Amino acid sequence: MFENKVLKGVFLVGIGATSYGMLATFVKIAYGEGFTTAEVTVAQFIYGVIGLLIINAFQKVKKGTDVVKASRKNIFQLILAGTPLGLTSVFYYLTIKYIPVSIAIILLMQTVWMGVLFEMFLEKKKPSVQKIISVIVVLTGTVLATNLIGNTVQLNWNGVIWGLLSAISFTTTMITANRVAVEISSTQRSLHMLIGGAIIVFIYTFVSQTTPFNFDVFLKWGIVLALFGTIIPPLLFNIGFPYTGIGLGSIVSALELPVSVLMAYFILNEKVNGIQWFGITLIILAIVIINIDYKRFRKK
C-alpha cells in the first residue's frame with residue numbers, strides 16, 4: 001500500500017514538473033506570433049485565477065464546513081507571498097525573449113544554490129557538506145550547460161540578468177510558500193498567492209505595454225499557459241508531495257529541466273551539444289544530492 005502511494009506521488013509530481021517544462025516553449029512560440037511578455041503573463045494569470053476560483057468553489061461544496069477558511073491576515077500574507085510568483089513569471093518570460101529556452105531553464109535552476117544561501121542567512125546556520133557539494137556540482141553543471149567554456153553559444157547578457165532575477169524570485173517563492181498560512185487548504189493558498197502574482201503582472205503591464213493590448217492572446221495562448229503554468233503543476237505538486245516527501249518530490253520535480261530542454265530541441269530546433277547535456281545531467285545530480293537523506297539511508 002505504501003509503495004502504491006509513493007508511486008502515485010511520483011507520477012503526480014512528475015506530470016506537474018513535465019507541465020512546467022513545456023511552458024517556456026509555448027511562450028517562445030507566442031512571442032513568434034507577435035505577443036508581448038505583458039500580454040502572455042496577463043492571460044496566464046487571469047485564467048489561472050478563474051480556474052482556481054472554480055476549483056475552490058467545488059471544494060467548498062464538496063467539503064462544506066470542513067474547509068478551514070482563510071482569515072484576513074492569512075489572505076494578506078498569502079497575497080504578499082505571491083508577489084515573487086508574479087515576478088518569476090515576468091523575469092523568466094523576459095529571459096526567454098533574449099536567450100534560448102535551453103539556457104533560460106538552466107539559469108532558473110540556480111535556485112539550488114540560491115536556496116542554500118537564503119537558508120544560511122535566514123536560519124543563520126552553516127550549510128552541510130552535502131549542500132556544499134551540491135552547490136559545487138550545480139555551478140560546474142551550469143558552466144557546461146550554458147557552454148561558457150566552448151563559447152559557441154552567444155549569450156545576450158540582458159537575458160542572463162533576467163534569468164538570474166527569475167531564479168532569485170523563484171527561490172523566494174519556494175521559501176515563502178512553505179512558511180505562510182500552512183493551516184489552510186493548498187487550493188486556497190494557491191489562489192491567494194496567484195492573486196498576489198497577478199497584481200505584479202498588472203503593474204508590469206501598465207508600465208511596459210506601449211502598444212494596444214492584443215486580446216487574441218486569451219483565445220490562442222491564455223488557457224494553455226494557465227493550465228501548464230498556474231493550475232496543473234501546483235495542484236499536482238500539492239497532492240503528490242505528501243506521498244513522496246520533500247526529498248523524493250524535489251528529485252522528481254527536476255524532470256522540468258530535461259523536459260524543457262527536449263521541448264526546445266525538438267520543437268524550437270535549439271542546438272544542444274554533448275557538453276551541454278553533460279552539464280544538465282550534473283545539475284540534476286546536484287538536485288538529487290541535496291535532497292537525499294543519507295542518515296535515513298544508512299539506517300536502512
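The values are calculated or read from the model by the stated rules, or taken from the named source; none is laboratory data. In this text, all values refer to a predicted model and were calculated from it rather than measured experimentally. Methodologically, a virtual Cβ is constructed for each residue, glycine included, from the backbone with ideal geometry; neighbour enumeration extends over all protein chains shown. Calculation scope for accessible area: heavy atoms of the full protein, side chains included, ligands and nucleic acids excluded. Shrake-Rupley method; radii C 1.70, N 1.55, O 1.52, S 1.80 Å.
The largest-to-smallest principal axis extents of the Cα set in region 53-156 are 60, 37, 22 Å. Within the listed set Val252, Val68, Val49, the Gaussian network model of the chain (springs between alpha-carbon atoms below 10 Å) gives the highest mean-square fluctuation for Val68. Listed cross-link partners Lys8/Lys28; Lys73/Lys126; Lys8/Lys60; Lys97/Lys271 are compared with a 21 Å cut-off, the Cα-Cα value being larger for Lys8/Lys28; Lys73/Lys126; Lys8/Lys60.
Would you please classify the overall shape of region 122-267 from the alpha carbon gyration tensor, given that a ≥ b ≥ c denote the square roots of the eigenvalues, rounded means a/c under 1.5, and beyond that prolate means a/b larger than b/c while oblate covers the rest?
Working: a/c = 1.60, a/b = 1.09, b/c = 1.48.
Here region 122-267 falls in the oblate category.
Model label sites at Lys271 and Gln130, defined 7 Å from Cα along the beta-carbon direction, differ in position by 4.1 nm. The alpha carbon gyration tensor of the chain gives principal lengths a ≥ b ≥ c with a/c of 1.5 or higher and a/b no greater than b/c, which makes the shape oblate. Annotation: extensible slack from Leu164 through Thr140 equals 7.0 nm (criterion: 0.36 nm per residue apart, minus Cα-Cα distance). Sorting 260-273, 85-98 by their mean Cβ neighbour count within 10 Å, with the most densely packed peptide first, gives 85-98, 260-273. Report note on the peptides 130-142, 209-221: ranked by the mean count of other C-beta atoms within 10 Å, highest first, their order is 130-142, 209-221.
Counting only protein heavy atoms, what percent of the accessible surface of the chain is carbon or sulfur at a 1.4 Å probe?
Working: 10840 of 15610 Å².
The C+S portion of the solvent-accessible surface of the chain is 69 percent.
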